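Notes follow once the structure below has been shown.
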Number of protein chains: 2
Amino acid sequence: MNEFERHPLYKMMHPKSIAFWGASSNPLGMGSVQLNQLQAMRFEGDVYPIHPKETTINGLKAYKSVTDCPTPVDLGIFILPTKVVPEALEDCGRAGVKRVIIVSAGFGESGEEGKELQNRIVEIAKKHGIHFIGPNCIGVVNPYEKLNTTFFPYDAKPGFIGMASQSGSFITQMFVHLERLGLGFSQGFSVGNEAMVDITDCLEYLGECPNTKVIGLYVEAIRRGRKFVETAKRVAKKKPIVAYYVGGSEYGGKAVRSHTGAMAGADLVYDGVFKQCGIIRATSIEELFDFCMVLGTQPLPRDERIAIFTHSGGPGAAAADTADRNGLKLAQFTEDTLGKLRAIAPSTATISNPLDLTFSRSPNDYTEVLPQIVLKDENVSGMFMYMLLPLARVIQTIRSSVSEPGQAEALAEQFVDSQCKAVAALPGTFDKPVVGGTFCRTSEHFMQKLQNDSFPVLPSPERAVKGLAALVKYARLKAKLLSDEAVE
Amino acid sequence: MNEFERHPLYKMMHPKSIAFWGASSNPLGMGSVQLNQLQAMRFEGDVYPIHPKETTINGLKAYKSVTDCPTPVDLGIFILPTKVVPEALEDCGRAGVKRVIIVSAGFGESGEEGKELQNRIVEIAKKHGIHFIGPNCIGVVNPYEKLNTTFFPYDAKPGFIGMASQSGSFITQMFVHLERLGLGFSQGFSVGNEAMVDITDCLEYLGECPNTKVIGLYVEAIRRGRKFVETAKRVAKKKPIVAYYVGGSEYGGKAVRSHTGAMAGADLVYDGVFKQCGIIRATSIEELFDFCMVLGTQPLPRDERIAIFTHSGGPGAAAADTADRNGLKLAQFTEDTLGKLRAIAPSTATISNPLDLTFSRSPNDYTEVLPQIVLKDENVSGMFMYMLLPLARVIQTIRSSVSEPGQAEALAEQFVDSQCKAVAALPGTFDKPVVGGTFCRTSEHFMQKLQNDSFPVLPSPERAVKGLAALVKYARLKAKLLSDEAVE
């Protein structure tokens, strides 16, 4: 067992058997919907619905008590009325269930009585050596284990983003957002009231998770400040962390208090903490995942000098302006590079940075020959590429030169595939980050291809360049953390 | 003839007949592709390809000279080598063609010789009383007249956004972006080098256009400062203008100079000019269209006090934080409102602002009953609504209670339609702006429905709230322009 497998959250996220409280013969009940999603994901372990009266739920044999289950239970899931939670937790203790997800609400977030009840369940858990997440959470997702305990269908693929969120919606409602961008969670936690397991525990765990290349945090308030800083610093040396914090403004802070009852801190304090820990701060949930897409796939740049590679003046100028406003510099191409570019680019091109090709004489020029010249330049540490390769237009172009029906479509797909392969190979070949930007639909064939090859393409030049800027920031913060460590 | 129809650009955008230079029997030539798009849009007027040798192009009878065309020509389109442009323009003069779109490049943007050539074509045009747009532009689009002179297919519907852009890409490559958001151009101009017609002329014209509810400008540099300010001030009293300016940073300014040869100005200067004119500034092209969506559909708020209406704590807190950072205030609900809300909302709800319902007891509560209570509140001047109504889930929910195949689908569509109708009626009923935000796909049935009813839904809570903030800014700037006018 390595450190990852020894972590208390490992067993919660890799159960072989689950006992499920709260599903019933009413298919519209929250519990039944949630059990339904667990089954829809085709979880391969045993699932035991627990119900005082019913014998079959959602086609599964139901048990009166968790102590009746035929095999040991790794994980309990509670979608129960608040008042019966303590008793169910005692049952888990008696049956040796050591991991529990408590979805039920009505605890610390709702008045004094709720707070007391919350203290009581923590005591029960400690007495029995149980680790529970929640209460008042939505659940967890681990697509690699086909585990989805939330009430939303997991549409995305198993991915590389590990997420811990103080809002359940920013787990579940992101499934469709991630799917659209060709991304997915490696593991995702809705931490709810954090009565036992908090966002810092999840961060520590995700730091060890081999499928997690980048960690996303949605933060309303950090409860264990010192432990968080210590953990984040350690993790950020290994993999990037992106945080979206909403408690720092007056109204944001008020909203947080009424959402989870936590005390949010001043914006500047959190800014300082994030910087100190090597955490990249996002300014929206959309930006959090944009940054994760880039940070989870691209090599780190040496410095902030980037190239802008485009065939359109407007997107090039917009990218340059965004670069400037986000701490990036436009690399000065060497004479050697300029000479090589001039020899190949059309006469209408602007041979400087932004490089505006206007069009390419040969298709490979745009996806292979010219980007390679730019990336080889010692002054260039990263590149933004403006991309357009709509399949319908390629088909239209090819159609005039072929006669057999369907041949144009097949040739066009082959062509786009080979272009995508060339682009996706660029970052690895030069060990420099490359980020694409386009206004094309994410359903475009070339977008799908690039996404499958872990080449990041964002939905606008500005968002792509901000992604590059996040990468530069992380490279700096990481270097600082490592040099501080060397001094210590 | 009203002022709109008298404007020199009217005839360019409403031609009955077009002479087209530069298409040939080579279907892959720029000219042929562009002629193809004009035909694909099913332009209903006459189109005459002009070619020295060919007799038929794209199935149309071709003419050796524009003077040979059988009917008077309203508009000429040039996709010609630079050097033959002056001669073709002279031909237009001789044939009485008074409007021309010059796509050809190699003029003012490319050195001294190009500048001279540009001066020459301006002289020729003036001599013949011709108005031309360009050179070095991509063309124009007027979907109401089925007119698309660009080389991209116009995918979107005829819409309410009038756009003038100093980048052709930010016209053509936005077609698919607009389609995705359920938006469309009323009319769109790529102004190119602005040798004769500039962005200020387009602004003046779009100010008069009855299909244009909001004007978008992509600005690299404003050439006629005083005239621009005077025009913008006049137009902004009637309809909102949103501008995206990229020339204000060091690298942005440099990129602009190499793109169109124009001198960009300092960021603060442009900020001041925009504010003085009542123009809302966007910080990305995506934001420009987000703002247009809200400004083009919603009534103006009295002030900055908004309500946040949601069933999810995280999106509510994110919306509150974004509101704060963008100059909005969270309205304080009256005691009357709070009482009414408490009577209907479930016990798990947070009855304050943000209003977090967690769930609704009856479906109409979320889309009709509760939003009406909130919007009736005298302290509330606008509202953000977090929305989720995925058809697949509604079908799933209904399926358990119906037996006939297909019945669940039909009932679910009916249900979503009625919910959407209720939501779309809110702004008009209370004369207060309402903006939706969701992470659902824009292809979702409820998104399509709301978009068709001109109810704005943006792809995240943050973007929706920023849209509301733009509306508040415009309301203030407009009031200032009108009060200044009263003083004068």
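With 20 Å as the limit on Cα-Cα distance, the pairs of B:98/B:126; B:83/B:254; A:466/B:213 that go past it are B:83/B:254; A:466/B:213.
Ordered from longest to shortest, the equivalent ellipsoid semi-axes for the protein assembly as shown are 53, 31, 27 Å, each the square root of 5 times a Cα gyration tensor eigenvalue. The local environment of residue B:399, defined by Cβ-Cβ distances under 14 Å, has a net charge of -2 under the rule Lys, Arg +1 and Asp, Glu -1. By the rule of a C-alpha distance below 13 Å, with chain neighbours fewer than 8 residues away ignored, the aspartates and glutamates paired with residue A:340 are A:365, A:377. Less than 5 angstrom separates the built amide H of residue B:282 from those of B:243, B:244, B:245, all sequence-distant by 5 or more or on a different chain. Residue B:270 sits among other residues whose Cβ lies under 15 Å from its own Cβ, and their net charge, with Lys and Arg +1 and Asp and Glu -1, is 0.
Per residue, the convex hull around the alpha carbon atoms of segment B:392-488 comes to 102 Å³. In order along segment A:306-319, the Karplus-derived 3J(HN,Hα) couplings, from 6.51 cos²θ - 1.76 cosθ + 1.60 at θ = phi - 60°, round to 10, 10, 10, 10, 8, 10, 9, x, x, x, x, 5, 4, 5 Hz, and Gly and Pro are given as x.
To the nearest ten degrees, helix B:461-487 and the longest principal axis of the Cα atoms of chain B are 70 degrees apart.
Return one number: the angle in degrees, 0 to 90 and rounded to the nearest 10, between the long axis of the Cα atoms of helix B:285-295 and the longest principal axis of the Cα atoms of chain B. Helix B:285-295 and the main axis of chain B meet at about 60 degrees. Straight-line reach from residue A:237: taking Cα to Cα under 13 Å and skipping same-chain neighbours fewer than 8 places apart, the aspartates and glutamates in range are A:204, A:208, A:484, A:485. Residues in segment A:17-27 carry Karplus couplings, in order, of 8, 10, 9, 10, 9, x, 7, 8, 6, 7, x Hz; the curve used is 6.51 cos²θ - 1.76 cosθ + 1.60 with θ = phi - 60°, and Gly or Pro positions show x. Evaluating 6.51 cos²θ - 1.76 cosθ + 1.60 at θ = phi - 60° for every residue in segment A:220-237, the Karplus couplings come out as 9, 6, 9, 8, 10, x, 4, 5, 4, 4, 4, 5, 4, 4, 5, 5, 5, 6 Hz, glycine and proline recorded as x.
Cross-link check: pairs A:238/A:473; A:64/A:115; A:233/A:473 evaluated at a Cα-Cα cut-off of 18 Å; pairs beyond the cut-off: A:64/A:115. Here segment B:277-306 and segment A:245-301 have alpha carbon centers that stand 26 Å from each other. The alpha-carbon atoms of chain A define a convex hull whose volume equals 168 cubic angstrom per residue. Taking the longest Cα principal axis of chain B as reference, the axis of helix B:85-95 is set at about 90 degrees.
Working from label points 7 Å from Cα in the Cα-to-Cβ sense, the residue B:3 to residue A:25 distance is 7.3 nm. Taking the centroid of alpha carbons for each part, segment A:309-369 and segment A:410-453 are 18 Å apart. Between amide H atoms placed 1.01 Å from N, distances below 5 Å from residue B:57 occur with B:62, all of them 5 or more places distant or on a separate chain. Of the trypsin sites (Lys or Arg not before Pro) found in segment A:52-113, the ones in coil according to DSSP and having at most 15 other Cβ atoms within 10 Å of their Cβ are A:53, A:64. Near residue A:305, the amide H atoms lying under 5 Å from its own belong to A:329, A:381; only residues 5 or more places off or on other chains count, and H is placed 1.01 Å from N.
Within straight-line reach of residue B:146, meaning a Cα separation under 16 Å, sit the following lysines at least 8 residues removed in sequence or on another chain: B:11, B:16, B:157. Helices in chain B, meaning DSSP H runs of at least 4 residues, each add -39500 (n - 2.57). Divided by all residues, the mean residue ellipticity at 222 nm is -13500 deg cm²/dmol.
Every number here is computed from the coordinates shown, using simple stated rules; none is lab data. The shown structure was predicted, so the numbers you read here are calculated from the model rather than taken from an experiment. FYI the Cβ positions are ideal-geometry reconstructions off the backbone, even for glycines, and counts take in every protein chain you see.
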